[in-house]
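Colleague: This structure is in structure tokens; I'll ask about it shortly.
The numbers here are math on the coordinates, done by the rules we state, and not lab data. Predicted model, so just to flag it, every value in this text is computed and none were measured. Neighbour counts run over all protein chains shown; Cβ positions are idealised from the backbone, glycine included.
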Amino acid sequence: MRLLMRRFIMVILLLSTMLTITFATQYYVSTDGNDANAGTKDLPFATIFKAISIISPGDTIFVRGGTYVISNTSYLIKMSSTNNGIDTTRRNCLLSYPGERPILDFTSMGTPRVSGSNDGIRLSGKYWYIKGFDVKGAQHNGIAINGGNYNIIENCAMYENRNSGMQIDNGASYNRVINCDSYYNRDSTSASSYDGNADGFSPKLQNGTLNYFYGCRSWQNSDDGWDGYVRPAPPVAGKDTMRTIIENCWCFANGYLKNGNAGTGNGNGFKMGGGDKVNNLSNGDSLRHNMTLINCLSFNNLVKGFDQNNNRGTMILINCTGYANGTYNFSVPGFIRVDEYLTIKNCISLASSGVTLAGVPNPILATNSWSAPFSDAANADFISIDTTGVRGPRKPDGSLPDIQFMHLVSGSRFIDAGTNVGLPFNGSAPDLECFESSYTTSVGSENDMKIDGFRLLQNYPNPFNPSTTIVYQVGKVGLVTLKIYDVLGRDVVTIVNEVKPMGKYTAVWNASMIPSGMYFSRLTSNGAQQIIKMILMK
């Protein structure tokens with residue numbers, strides 16, 4: 001009897017697994033499809049709207065290449081709480097068909113306006129993965145993450161929309177925006193140009209917490225590149241209730257229009273916060289957007305490169321570069337709340353009015369180009385100050401193009417001259433600025449690296465799914481430990497824990513059973529340690 005019961009349980013478990021697989025359906029959309037079709041590859045739907053209306057958790061919608069002209073506001077692309085994914089293992093996926101690029105064209109929707117709900121893609125649901133689309137001409141935002149959580153937007157381009165390319169608002173939290181571009185967005189009224197609302201990326205107003213941007217570009221938007229402006233209800237944003245992380249992102253020529261003329265918007269690069277009156281309460285001096293920028297580049301914006309904009313929260317800028325912005329490259333002139341702080345480390349400013357930190361008490365500063373032991377940066381410190389290629393096509397994996405602009409020249413005084421902040425670096429110490437050089441003052445290039453030091457290299461690929469390779473070296477015999485931690489510091493897995501001789505080693509981490517997110521790999525040996533950041537994206 002017990003044997004029969006065990007067999008019965010095994011059969012039930014097997015059937016439940018089969019059912020899970022069966023329920024994961026793939027739908028197809030094509031410009032020559034029909035919504036009366038079955039939505040298969042051979043008989044595709046005509047609209048994404050139709051596919052979304054029947055999707056179940058874990059399903060995938062593949063959209064074939066071509067231009068999809070969307071003129072009826074009833075057919076806007078909306079993902080709401082009625083069609084959520086379940087978790088990181090059962091996301092709903094809206095993907096471009098492999099090797100093809102769909103263009104979602106909303107320019108025929110009607111009169112442009114600076115407010116309203118007619119966004120191109122409006123995402124208020126959870127656990128969606130959207131990848132590989134052009135979104136243009138929406139009446140409002142190109143993509144609006146409006147209250148949606150745990151979503152991933154990857155390799156999308158938002159341009160010529162009538163408000164921001166992408167806006168994150170209404171408490172939306174834990175979203176990841178990876179390798180996306182936002183440009184030529186310009187808001188206007190039906191009567192005349194306005195320019196003052198259309199940003200590239202807008203984690204603002206009632207933005208939630210821990211939204212993360214990686215590898216994104218924002219250029220020639222009529223207002224700002226990134227805007228962290230706050231207008232919450234309740235009137236005062238409590239500490240840690242709004243936190244945004246921007247890493248390895250480029251921001252340039254914002255405040256200028258597509259035709260190259262200056263607009264009438266603010267024209268800043270990374271605007272880190274700010275606020276105004278809400279419900280007739282003057283709470284602007286209380287609004288906090290805790291903003292972290294890592295390895296970010298801001299240049300040729302109409303006004304400022306990195307702008308406080310009255311943000312009263314914590315601002316952390318690590319290995320960032322400001323070049324030739326209209327007034328200041330780095331501008332944090334106002335006070336912040338007593339329990340918040342400003343940190344700027346390993347940053348470079350070149351060719352503008354420079355830096356103003358006049359109103360911040362006790363800022364945490366270390367090894368920046370404008371402070372001792374350095375004198376100001378000069379053109380000669382860089383291989384090139386020619387911006388050619390910054391708008392160029394992305395690599396096949398969606399990452400930013402290789403450029404020489406603002407890379408340090410061999411022998412620069414800023415190589416190996418920074419403060420160790422836990423990010424990966426070559427040589428004896430980090431370089432200043434946003435691009436870590438491949439040459440060092442101590443061990444030569446990565447390709448002919450000598451085994452004379454302790455080093456943890458950046459994993460590849462990164463982001464990854466589900467496996468990634470970690471390369472490390474140790475300079476002398478000793479106990480070597482390589483561990484993975486999550487963002488809360490919890491031990492996920494120990495990959496290496498053994499005595500190793502001097503040498504260079506490779507380890508592979510298969511994270512197929514681990515949820516998506518940001519993780520940290522820590523290498524320790526002989527009293528030294530290094531940490532790298534990794535992104536698992538399923």
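Colleague: Peptides 341-350, 387-396: what's the order by average Cβ count within 10 Å, highest mean first?
Modeller: Top of the packing list down: 341-350, 387-396.
Colleague: Can I ask one more? Under a Cβ-only charge scheme (Lys and Arg +1, Asp and Glu -1), can you give me the dipole magnitude of the chain about the Cα centre, in debye to the nearest 20?
Modeller: Charge dipole, the chain, about its Cα centre: 1480 debye, nearest 20.
Colleague: Could I have the simple spin-label model distance between Ser117 and Ser286, label points 7 Å from Cα toward Cβ, reported in nm to one decimal?
Modeller: The two pseudo-label positions are separated by 3.0 nm.
Colleague: Also, I was wondering about something else. Kindly state, to the nearest 0.05, the FRET efficiency for Ser81 paired with Asp397, given R0 = 51 Å and r defined as their beta-carbon distance.
Modeller: 0.95
Colleague: Between Asn465, Asn319, Cys434, whose Cα lies farthest towards the positive end of the dipole of the chain when Lys and Arg beta carbons carry +1 and Asp and Glu beta carbons carry -1, centred on the Cα centre?
Modeller: Projecting each Cα onto the dipole axis, the largest value belongs to Asn465.
Colleague: On a 22 Å Cα-Cα criterion, which of the cross-link pairs Lys204/Lys304; Lys126/Lys395; Lys50/Lys204; Lys131/Lys395 come out too long?
Modeller: With Cα atoms farther than 22 Å apart: Lys126/Lys395; Lys50/Lys204.
Colleague: Continuing with the same structure: Across the range 257-379, how large is the tail of the calculated P(r) beyond 17 Å, expressed as a percent of all Cα pairs?
Modeller: Value for the range 257-379 (Cα pairs over 17 Å): 57 percent.
Colleague: Moving to a separate point now. Given an 8 Å cut-off on Cα distances and at least 6 residues of separation, report the relative contact order of the chain as a percent.
Modeller: After rounding, I find 6 percent.
Colleague: May I pose another question? Karplus couplings for the range 254-266 from phi (6.51 cos²θ - 1.76 cosθ + 1.60, θ = phi - 60°), rounded to Hz, Gly and Pro as x?
Modeller: Karplus-based 3J(HN,Hα) across the range 254-266 equals 7, x, 9, 8, 4, 7, x, 6, 6, x, 10, x, 5 Hz.
Colleague: Given all pairs of different Cα atoms, what value in angstroms does the Kirkwood hydrodynamic radius of the range 370-409 take?
Modeller: After inverting the mean inverse Cα-Cα distance, the result is 11.9 Å.
Colleague: List, in order, the whole-Hz ³J(HN,Hα) value for each residue of the range 311-327 obtained from phi through the Karplus relation with A = 6.51, B = -1.76, C = 1.60 and θ = phi - 60°; use x for Gly and Pro.
Modeller: Here the 3J(HN,Hα) series is 5, 9, x, 6, 10, 10, 10, 10, 6, 10, 10, x, 9, 6, 7, x, 10 Hz.
Colleague: Sticking with this structure for a sec: How big is D for the range 101-172, in µm² s⁻¹ as a whole number, if Stokes-Einstein is applied with the Kirkwood radius of its Cα pairs at 37 °C and 0.692 mPa s?
Modeller: 273 µm²/s
Colleague: May I ask you to order 356-363, 474-481, 302-309, 118-125 by the average number of other C-beta atoms within 10 Å around their residues, highest value first?
Modeller: 302-309, 118-125, 474-481, 356-363
Colleague: Sticking with this structure for a sec: What ³J(HN,Hα) values, in whole Hz, does the Karplus curve 6.51 cos²θ - 1.76 cosθ + 1.60 give for the range 54-64 when θ = phi - 60°, with x put for Gly and Pro?
Modeller: Calculated HN-Hα couplings, in order: 10, 6, 10, x, x, 6, 10, 10, 9, 10, 6 Hz.
Colleague: In addition: For the peptides 265-275, 202-212, what is the packing order when you average, over each peptide's residues, the other Cβ atoms within 10 Å and list the highest mean first?
Modeller: Result, highest mean Cβ count within 10 Å first: 265-275, 202-212.
Colleague: If the label point is 7 Å along Cα→Cβ of Tyr174, which residues in the range 206-222 have backbone nitrogen under 20 Å from it?
Modeller: 206-214
Colleague: Something else now. In nanometres, what is the gap between the two model label sites at Arg101 and Lys500, each 7 Å from Cα along Cα-to-Cβ?
Modeller: If labels sit at Arg101 and Lys500, their model points lie 4.0 nm apart.
Colleague: Ok, one more. If you take the Cα atoms of the range 455-536, find Rg, then find the Kirkwood Rh from the mean of 1/r over all pairs, what is Rg/Rh?
Modeller: 0.95
Colleague: Right, here's the next one. Just to confirm my numbers, what's the Cα centroid distance between the range 480-538 and the range 23-81 in Å?
Modeller: Their Cα centres are 40 Å away from one another.
Colleague: Could I ask something else about it? Give me the one-decimal nm value for the distance between modelled label points at Thr25 and Gln404, 7 Å along each residue's Cα-to-Cβ direction.
Modeller: Between Thr25 and Gln404, the simple spin-label model gives 5.5 nm.
Colleague: May I pose another question? Using a 7 Å offset from Cα along Cα-Cβ at Asn420, what residues in the range 456-471 end up with backbone N under 17 Å from the label point?
Modeller: 456-458
Colleague: Pull up the cross-link candidates among the aspartates and glutamates for Lys476, meaning alpha carbon to alpha carbon under 12 Å and not fewer than 8 places away within one chain.
Modeller: Cα-Cα hits under 12 Å: Asp452.
Colleague: Largest first and in whole Å, give the semi-axes of the chain's equivalent ellipsoid, each being the square root of 5 times a Cα gyration tensor eigenvalue.
Modeller: They are 37, 34, 22 Å, listed from largest to smallest.
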